[in-house]
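The values are calculated or read from the model by the stated rules, or taken from the named source; none is laboratory data. This is a predicted model, so every value here is computed, not measured. Positions of Cβ are generated from backbone atoms using ideal geometry, with glycine treated the same way; all protein chains shown enter the neighbour counts.
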Amino acid sequence: MLAPKRSAVFFDRDGTLMEEVNYCADPAHVRVFADAPAALVQLRHLGFALIMATNQSGIGRGYFTERDFQNVQAECLRQLEPGTLDACYHCPEAPEGASIRRKPGPGMLWEAARDQSLDVASSYMVGDSASDVGCGERAGVAATVLVLTGKGRAQRSRCQPGYVAAGLADAAAWILARMDAHHG
């Protein structure tokens, strides 16, 4: 018998889990949002798999290397506390060469669902851009959340998320309330 699939919360990285730094290539510039670690722990306690899905077109545009990305990624994960995220997916393609993996395409979420045995339909997408919201919608998540950190305020009029959150703590509280409503 197959094990039941887990629900996940998918997160964008830049502007969502950490401060927006255009084409961040230096680990010294990584600043995880203060509310991120506690919000992730709260969601993990609810049983969610926590997955990062991030566009990194700076690689495809030649602004920084895959190694630069991995160094920034390592610092982001260190600040979030190692082991907090179940998996991280990134798309290095520039917009003009984009495949279904580049958000708003749903490819990274579908890839994570396959790799991690996730139920996308009972999962959430949290990000700071219309492409994050569109990715979640195209993937078929239960709901999308636009955080007003990063580009979120400027992107708000460009999408119709299920919820608009001040930041990650607010997003986690909203997801928790939805879970309570469905199980209460």
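Quick check on the stretch 116-127. Is at least one of its residues assigned to a helix (DSSP H, G or I), over 16 Å from the mean Cα position of the chain (by Cα) and more than 22 Å from ALA171 (Cβ to Cβ)? No, there is no match, as no residue in the stretch 116-127 is assigned to a helix (DSSP H, G or I), over 16 Å from the mean Cα position of the chain (by Cα) and more than 22 Å from ALA171 (Cβ to Cβ). If only residues of the stretch 51-68 that are touching a residue at least 40 places away in the same chain (Cβ under 8 Å) and surrounded by 20 or more Cβ atoms within 10 Å (Cβ to Cβ) are counted, the one that is farthest from the chain's Cα centre (by Cα) is ASN55.
Can you give me the number of residues within the stretch 1-13 that are in contact with a strand residue (DSSP E or B) (Cβ under 9 Å, 6 or more places away or on another chain) and either among the small types (Gly, Ala, Ser) or without any contact (Cβ under 8 Å) to a residue 12 or more places away in the chain (or both)? Residues flagged as in contact with a strand residue (DSSP E or B) (Cβ under 9 Å, 6 or more places away or on another chain) and either among the small types (Gly, Ala, Ser) or without any contact (Cβ under 8 Å) to a residue 12 or more places away in the chain (or both) within the stretch 1-13 amount to 2. Answer with yes or no whether GLU111 is part of a loop (DSSP other than H, G, I, E, B), closer than 17 Å to GLN56 by Cα and acidic (Asp, Glu). In short, no. Somewhere in the stretch 14-26, is a residue more than 21 Å from ASP119 (Cα to Cα), in contact (Cβ under 8 Å) with a residue 40 or more places away in the chain, assigned to a strand (DSSP E or B) and among the polar types (S, T, N, Q)? Among the residues of the stretch 14-26, not one is more than 21 Å from ASP119 (Cα to Cα), in contact (Cβ under 8 Å) with a residue 40 or more places away in the chain, assigned to a strand (DSSP E or B) and among the polar types (S, T, N, Q), which makes the answer no. Within the option set ALA28, ALA87, being over 13 Å from the mean Cα position of the chain (by Cα), at pLDDT 95 or above and not hydroxyl-bearing (Ser, Thr, Tyr) holds for one residue only, ALA28. Can you confirm whether GLY107 is surrounded by fewer than 23 Cβ atoms within 10 Å (Cβ to Cβ), more than 24 Å from GLU19 (Cα to Cα) and of a type in the set (Gly, Ala, Ser)? Judged against the criteria, GLY107 is a match. Within the stretch 121-137, the residues that satisfy the criterion of being of a type in the set (A, V, I, L, M) and in contact (Cβ under 8 Å) with a residue 24 or more places away in the chain are MET125, VAL126, ALA130, VAL133.
Kindly check whether there is at least one residue in the stretch 146-158 that is assigned to a strand (DSSP E or B), touching an Asp or Glu at 6+ places or on another chain (Cβ under 6 Å) and not charged (D, E, K, R).
Going residue by residue through the stretch 146-158, those that are assigned to a strand (DSSP E or B) are 146-147.
From what is left, the residues that are touching an Asp or Glu at 6+ places or on another chain (Cβ under 6 Å) are 147.
Filter again for not charged (D, E, K, R), leaving 147.
Yes, some residue in the stretch 146-158 is assigned to a strand (DSSP E or B), touching an Asp or Glu at 6+ places or on another chain (Cβ under 6 Å) and not charged (D, E, K, R).
Going by the conditions given, is TYR89 touching a residue at least 60 places away in the same chain (Cβ under 8 Å), of a type in the set (Phe, Trp, Tyr) and out of contact with any His (no Cβ under 7 Å at 6 or more places or on another chain)? No: the conditions fail for TYR89. Of the numbered criteria (1) touching a residue at least 24 places away in the same chain (Cβ under 8 Å); (2) of a type in the set (Asp, Glu); (3) assigned to a helix (DSSP H, G or I), the one GLU96 fails is (1).
Among the residues of the stretch 159-173, is any in contact with a strand residue (DSSP E or B) (Cβ under 7 Å, 6 or more places away or on another chain), modelled with pLDDT of 95 or more, farther than 21 Å from CYS24 by Cα and in a helix (DSSP H, G or I)? Within the stretch 159-173, one or more residues are in contact with a strand residue (DSSP E or B) (Cβ under 7 Å, 6 or more places away or on another chain), modelled with pLDDT of 95 or more, farther than 21 Å from CYS24 by Cα and in a helix (DSSP H, G or I).
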